[in-house]
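As structure tokens, the structure follows; a few thoughts come after it.
The values are calculated or read from the model by the stated rules, or taken from the named source; none is laboratory data. Keep in mind that what you see is a predicted model, and the values were worked out from it rather than measured. Counting neighbours? That spans all protein chains shown, and the Cβs are built from the backbone with ideal geometry, glycine included. When the accessible area is computed, the model is the full protein with side chains, heavy atoms only, and any ligands, DNA or RNA have been set aside. Shrake-Rupley method; radii C 1.70, N 1.55, O 1.52, S 1.80 Å.
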Amino acid sequence: MIAATDIRVTKTERSKLQDIDMRNLPFGKYFTDHMLEAEYDNGQWVKVEIKPYQHLMIDPSLTSLHYGQSIFEGIKAYKDEHGQALIFRPYDNFKRFNISAARMCMPDVPEEIFIEGMRQLITIDKDWIPAKKDHSLYIRPFMFATDAMLGVRPSQTYKFLILLSPTGPYYPKPMKIIVEEKYTRAAPGGVGFAKNAGNYAGSLIAAAEAQKQGYDQVLWTDAFEHKWLQEVGTMNVFFVIDHVAITPSLDEGTILDGITRKSVITILEEMNVPVEERHINVDEVTRAYTEGRLQEVFGTGTAATIAMVEKVKYKDVIMEFGEKDWTLSAEVKKRLDAIRDGKAPDTHGWMVPV
Ligand code: COI
């Protein structure tokens, strides 16, 4: 077993921090001075190191490049008003990471590397946590197969890394989404619940076609009827109908068990807003809109946080929303931001000090 003290640390000789304009931080563009890297070989994790951010040397036959055994997580760290760095619900991401790993025939990453490694890495690079509203330090743990061979079988060796990226909002503006009727993201028995790289590769063409029509992302539907709503490209989705917040249920394994999604459910319940996790059909949503009963639609995700939705298109029905409609989403965002910034009590123990 690896103890946190077994992580070898080599610090950079020159920080890049002064080269970055911390007032302008597009999502995922800049990386901090250090990264964590660990190797899995012979059934155990070895060589756990924090070192200066650098390129990797890889063999061109690396199995993850050919067959996609690659998973990741997205987590955020914030600084409270006393300058204390706090990570939002990292244990939930840790659990989900190992669920993705199991589905993709990859080894578990132990807590001593995932959580303790992350804590040590953030401690070293804590000056990179932006202080600005809607900004944070985005944490990207990921693992990929490193066997150099072309046979299709689970790799026996892996690398696990953690990168840190100071970042602003993923969607700086309210979103326009289109209900996807041609492509499929996930079907029961597939990998929709896992955060594996291939899910995102498969989604690119649908998002590109949506963008050609002036939309930001697609709202995925089921594989059989293209009617049952799943999630938006990079986030879970909520519909507020008759003042009830409805979000697609996780039971089919076709959507991601979002950490922001479940935090929002908790906050809505605390606000005494009824929440339903269930199957929801696009016809129910369009009917509610036509009858004036669809109050708002919003997305939730680590990168996206709470994303207001201004337009949803399904066939020739265009559902539009504006500032005055985003009441519940704005209130939920305010409450979540207050917990993250340390301005409201963290009654659920979501904020983990580094
Ligand atoms: C996240 O919200 O952290 C995600 O992983 C979405 C990402 C692909 C931008």
Most mobile of G292, G301, G168 in a GNM of the chain (Cα contacts under 10 Å): G292
Helix axis angle, 259-270 relative to the chain longest principal axis, alpha carbon, degrees: 50
Segment D80-I318, length gained on full extension (0.36 nm per residue, minus Cα span): 81.6 nm
Binned Cα-Cα distances of segment 179-236, short to long, each 5 Å bin given as a whole percent: 4, 20, 33, 27, 13, 3, 0
Test item: Cα-centred dipole of the chain, Lys/Arg +1 and Asp/Glu -1 on Cβ, debye: 680
Crossing angle, helix 111-124 versus the chain [Cα axis fit, 0-90 degrees, rounded to tens]: 80
Candidate aspartates and glutamates for bridging to K313, where Cα separation is under 13 Å - those fewer than 8 sequence places away on the same chain excluded: E180, E181, D216, D283
Cross-link partners of K333 among lysines (Cα-Cα below 21 Å; sequence separation of 8 or more within a chain): K76, K79, K132, K133, K173, K176, K262, K311, K324, K343
Helix 328-340 vs. the chain, principal-axis angle (Cα, 0 to 90°, nearest 10): 20
At R0 = 51 Å, FRET efficiency that the Cβ-Cβ distance of E13 and E225 yields, to 0.05: 0.30
Estimated vicinal HN-Hα couplings, Hz - segment 140-146 in sequence order (Karplus 6.51, -1.76, 1.60; Gly, Pro = x): 10, x, 7, 9, 9, 6, 10
Stokes-Einstein D (µm²/s) once Rh is taken as the Kirkwood radius of segment 98-154 over alpha-carbon pairs, at 4 °C in 1.567 mPa s: 92
Cα gyration tensor, segment 54-168 - rounded (a/c under 1.5), prolate or oblate: prolate
At 0.692 mPa s and 37 °C, Stokes D of segment 11-51 from Kirkwood alpha-carbon radius, µm² per second: 258
Bins of 10 Å from zero: percent of alpha-carbon pairs in the chain: 5, 24, 32, 26, 11, 2, 0
For peptides 87-95, 68-76, sequence by mean Cβ density within 10 Å, most packed first: 68-76, 87-95
Solvent-accessible area per residue for segment 175-340 (1.4 angstrom probe, square angstrom): 40
List M22, M118, ordered by accessible area with a 1.4 Å probe, largest first: M22, M118
Simple spin-label estimate for K182 and H243 in nanometres, 7 Å along Cα-Cβ: 4.2
Area accessible to solvent at W45, 1.4 Å probe radius, in Å²: 20
Tail fraction, Cα-Cα pairs, segment 252-292, threshold 14 Å, whole percent: 64
Given charges at beta-carbon only (K, R positive; D, E negative), |dipole| of segment 1-148 in Debye: 520
At 1.567 mPa s and 4 °C, Stokes D of segment 249-354 from Kirkwood alpha-carbon radius, µm² per second: 84
Calculated P(r) of segment 175-340 - Cα pairs past 19 Å, %: 51
